[in-house]
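Here is the structure we will look at.
The values are calculated or read from the model by the stated rules, or taken from the named source; none is laboratory data. A quick note: this is a predicted structure, and the numbers were derived from the prediction, not measured. Positions of Cβ are generated from backbone atoms using ideal geometry, with glycine treated the same way; all protein chains shown enter the neighbour counts. Side chains included, ligands, DNA and RNA excluded: accessible areas come from the protein's heavy atoms. Shrake-Rupley method; radii C 1.70, N 1.55, O 1.52, S 1.80 Å.
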Amino acid sequence: MFVLVEMTDTVRIPPWQFERKLNESIAEELNKKLANKVVYNVGLCICLYDITKLEDSYIFPGDGASHTKVHFRYVVFHPFLDEILVGEIKSCSQDGVHVSIGFFDDIVIPPESLQQPAKFDEAEQVWVWEYETEEGAHDLYMDIGEEIRFRVVDETFVDTSPTGPSSAEASTSNATEEVQKKEAPYTLVGSISEPVLTGTGEETAKDWS
């Protein structure tokens, strides 16, 4: 679920921090820049693990700050495919079940990856598994706040870097539409279609009823 990623960056330290130890100032700046941010094709950055190398620092004309090239390792949330995670149902929609693991909310289990047969209850706004027993079908509701175990089957990274308008005539309405279509920079796609993830028999019925 968590991995160590080797990174390199040039860190700017303002003059008023020169009285501090360089490592402490650099660690603080790196966490300000990266913590709780998604790096494209890397994952969600959590915290600095360690600094492996500091190169020479430079002060450029017109800028009193020091600039240091830093090699470091960062703790990143990036589950591998087929990894099994435990989360909590945050909401349900026609698009599927939306799951949170506390510090990361952009997880979705699409309808085709739910236990089948499943249906969406419009009135309750929840997904329902029509569980078959010897006594007939039982509706097992996937209620908000319930714990859920799922397998990671896919991931999507979206480059959310700011871009300039395509033309000088771009209207305010187009800009508003773009904001509404803004996607999460990192999304996990899960699946609970396997019996091992939801349990079977009486145990499942008790958990989901």
Margin query: Condition check: crowded, with 18+ Cβ neighbours inside 10 Å, among the aromatic types (Phe, Trp, Tyr) and out of contact with any Asp or Glu (no Cβ under 7 Å at 6 or more places or on another chain). Does Tyr49 satisfy that?
Written below: no
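Conditions (1) open to solvent by less than 70 Å² (accessible area, probe 1.4 Å); (2) closer than 15 Å to Gly96 by Cβ; (3) among the acidic types (Asp, Glu); (4) at pLDDT 55 or above, marked per residue:
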| site | (1), (2), (3), (4) |
| --- | --- |
| Ala118 | yes, yes, no, yes |
| Trp129 | yes, yes, no, yes |
| Glu132 | no, no, yes, yes |
| His138 | no, no, no, yes |
| Arg149 | no, no, no, yes |
| Glu194 | yes, no, yes, yes |
| Gly199 | yes, no, no, no |
Note to self: Checking Phe103 against (1) open to solvent by 80 Å² or more (accessible area, probe 1.4 Å); (2) outside any loop (DSSP other than H, G, I, E, B); (3) closer than 18 Å to Lys33 by Cα: exactly one of these is not met. Which one?
What the structure shows: (2)
Checklist line | When residues of the stretch 106-116 are limited to those that are open to solvent by 50 Å² or more (accessible area, probe 1.4 Å) and over 19 Å from the mean Cα position of the chain (by Cα), the one modelled with the highest pLDDT | finding: Glu112
Item checked: Conditions (1) open to solvent by less than 10 Å² (accessible area, probe 1.4 Å); (2) outside any strand (DSSP E or B): number failed by Phe80 -> (1)
Item checked: Considering residues of the stretch 90-100 that are within 16 Å of the chain's Cα centre (by Cα) and open to solvent by less than 30 Å² (accessible area, probe 1.4 Å) only, the residue farthest from Lys37 (Cα to Cα) -> Val97
Margin query: Any residue in the stretch 30-53 that is assigned to a strand (DSSP E or B) sitting within a Cβ distance under 6 Å of a residue that is of a type in the set (D, E, K, R) and surrounded by fewer than 18 Cβ atoms within 10 Å (Cβ to Cβ)? List the pairs, counting only those 6 or more apart or interchain.
Written below: Cys45/Lys37; Tyr49/Arg73; Asp50/Arg73
Item checked: Filter result for the condition that a residue is over 30 Å from Tyr40 (Cβ atoms), part of a strand (DSSP E or B) and of a type in the set (A, V, I, L, M, F, W, C), over Phe150, Phe120 -> Phe120
Note to self: Just to be sure I understand the filter: pairs with C-beta atoms under 9 Å, separated by 6 or more residues or on different chains, first member in the stretch 3-25 and surrounded by fewer than 12 Cβ atoms within 10 Å (Cβ to Cβ), second member not in a strand (DSSP E or B). Which pairs pass?
What the structure shows: Pro15/Gly64; Pro15/Ala65; Glu24/Gln17
Check: Restricting attention to the stretch 48-89, which residues are over 18 Å from the mean Cα position of the chain (by Cα) and at positive phi?
Finding: Gly62
Check: Of the conditions (1) out of contact with any Cys (no Cβ under 6 Å at 6 or more places or on another chain); (2) open to solvent by 50 Å² or more (accessible area, probe 1.4 Å), Lys37 fails just one. Which one is it?
Finding: (1)
Next item on the list: Return a yes/no flag: does the stretch 60-76 have any residue that is at pLDDT 90 or above, under 30 Å from Glu19 (Cβ atoms), open to solvent by less than 30 Å² (accessible area, probe 1.4 Å) and among the aromatic types (Phe, Trp, Tyr).
Entry: yes
